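I have placed the structure first, in the form of structure tokens, so that the comments after it can refer back to it.
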Amino acid sequence: MQTNVPHIGVSLYDFTSGIRDLISDANLSAWVFGEVKNYKYSRHAYFSLIESQPGTNTPIASLQCAVWGSFFSSVIRKFEDEAGVEMKDGLKVLVHLTVNFHQAYGMTAIVDEIDASYTLGEYELKRKQTIAQLISEGYMDLQQQLQLPRIIRSIAIISANTAAGYGDFMDQIRANSVTQNCKCQLYPAIMQGVSAPESIVDALGKIRSDLEEMVSDYDAVVIIRGGGSKQDLACFDDYTLATYIATFPLPVITGIGHEQDTSVADMVAYKRLKTPTAAAEYLIEHNSAQFLLIDDLKHRLESQVAYIMANFNSQLNIRRQKLAYLANGRVERLSINIETLRHKLSSLSDVAIQMERQRIKARRQQLEALDPQRIVNRGYTMTLSSKGSLLSSIDDVTDGEEITTLLRDGRLKSVVKK
């Protein structure tokens, strides 16, 4: 027969105290590498260090880690400064940790150092892989196939609206006569941190949409920020952001504050400048060069026109003088011809008049010779019919017709009797 014997237990506190003592006695500390997940910081920094199945995202190990606030600067900030990247999810790190067990909060790995060289190696490897991928896919030189217009009149700007770099850029643009009338439209974006690539891509998408919908007509896009540490600018090595810049239909100019290093975004851009001020100066120099070229062409054109006009006026004067000479000669010749013709005409007129007078005189003499009165005066008579016609035959009159006979001293009327 079995009897129920109550189990003899211990308190949870005592049990967890035993675990604490075991872990403490074991002095569990080591350098451990893994991937950062669920990173957050308030007063202290917390994150999970995980290891995934190779080739998958399936975790095979996980450990809660903490960096106490009093060590945040000497651990987290020191790591970010040395590695040039900010602590964030997805980062591969090599940390020195000590396992600690607290009865109330459970087990935690306390991180007291992070090896920046390990992460930097991982980061640089990823960066090199990104660059190699962009090269193999043909993205690196796409922007270089574009051209800036001769005169830049409209600029789309991607920046944080409160960034000092944006203010510096606008001050330079507005202070110079060749760019002060440029239209400058800001498309605000987050310019550092894990959200920056997506935010900048969104801004590029809005600019492209405005271009396609003909809301705006930009000549170039400028991406600027006011500098920062290497970690602040690590977002510009993002693959997706680089492809958006490379395939953008307008020249993209970067001035993101990298004094020494070149980001992947810089590599694929149309033109990389170190600072926002340098980007503004580049645009100013571009417009200045074009205005100088236009002025030079204007002066050359004016000089050429002046030369052509002077030559034309010279030729015109020569032709005018020649024409005047020819005209004067022609007038003189015509005057001489007219005077000659006048003399000829006068002579011909006199001859014609004289000949006509001679002809009239001859006619008059003929008429006078034929005048019946002259015949009659010479002793002859003339007989006229009743109709006044000269009778030369008896057949020209009828019996009883009254005829008239012209005598030297008068006329006789007679009646014909046959």
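Each label was represented as a point 7 Å from its Cα along the Cα-to-Cβ direction; for D261 and D295 these points are 4.2 nm apart. Taking 24 Å as the limit for the C-alpha separation, the pairs K88/K271; K88/K206; K183/K271; K387/K418 exceed it in the case of K88/K271; K88/K206.
Within the straight-line cut-off of under 12 Å between alpha carbons, the aspartates and glutamates reachable from K37 are E51, D89, sequence neighbours fewer than 8 places apart in one chain being disregarded.
Note that the range 93-171 carries a Kirkwood radius of 18.5 Å, evaluated over its alpha carbons pair by pair. The alpha carbons of the chain stretch over 219, 65, 37 Å along the principal axes, in descending order. A DSSP coil position with no more than 12 other Cβ atoms inside 10 Å describes the following GluC sites (Glu not before Pro) in the range 216-319: E259.
The C-alpha atoms of the chain define a longest principal axis, and helix 196-212 lies at about 20 degrees to it.
For the chain, modelled as a GNM with alpha-carbon contacts under 10 angstrom, which of D171, D89, D399 fluctuates the most? Maximum fluctuation in the GNM of the chain, among the listed residues, is at D399. In the chain, the longest principal axis of the Cα atoms and the axis of helix 116-136 are about 30 degrees apart. Only protein atoms count toward the accessible area here, which uses a 1.4 Å probe; on the range 83-149, the carbon and sulfur part of that area reaches 50 percent.
Using the rule -39500 (n - 2.57) for each DSSP H run of four or more residues, divided by the residues of the chain, the 222 nm mean residue ellipticity is -15500 deg cm²/dmol. Listed by chain and number, the aspartates and glutamates whose C-alpha is less than 18 Å from the C-alpha of K322, apart from same-chain residues fewer than 8 away, are E332.
When the GluC sites (Glu not before Pro) in the range 342-418 are filtered for DSSP coil states and for at most 16 other beta-carbon atoms within 10 Å of their beta-carbon, the remaining sites are E401.
Note on exposure: M267, M87 ranked by accessible area (1.4 Å probe, complete protein assembly) read M267, M87, with the most exposed listed first.
Listed by chain and number, the aspartates and glutamates placed with their C-alpha closer than 18 angstrom to that of K413 are D396, D399, E401, E402; residues fewer than eight positions away on the same chain are left out. Modelled label positions at L334 and R320, each set 7 Å beyond Cα in the direction of Cβ, lie 2.1 nm from each other. Calculated on the alpha-carbon coordinates, the convex hull of the range 59-136 measures out at 109 cubic angstrom per residue.
Taking L316, L148, L345 in turn, the Gaussian network model of the chain (Cα-Cα springs below 10 Å) assigns the largest fluctuation to L345.
The values are calculated or read from the model by the stated rules, or taken from the named source; none is laboratory data. Remember, predicted model here, so these are calculated numbers, not experimental data. Quick reminder, even Gly has a Cβ in these numbers, built from the backbone with ideal geometry, and neighbours come from all protein chains shown. Note: accessible area is taken over every heavy atom of the protein model, side chains too, but ligands, DNA and RNA are not part of it. Shrake-Rupley method; radii C 1.70, N 1.55, O 1.52, S 1.80 Å.
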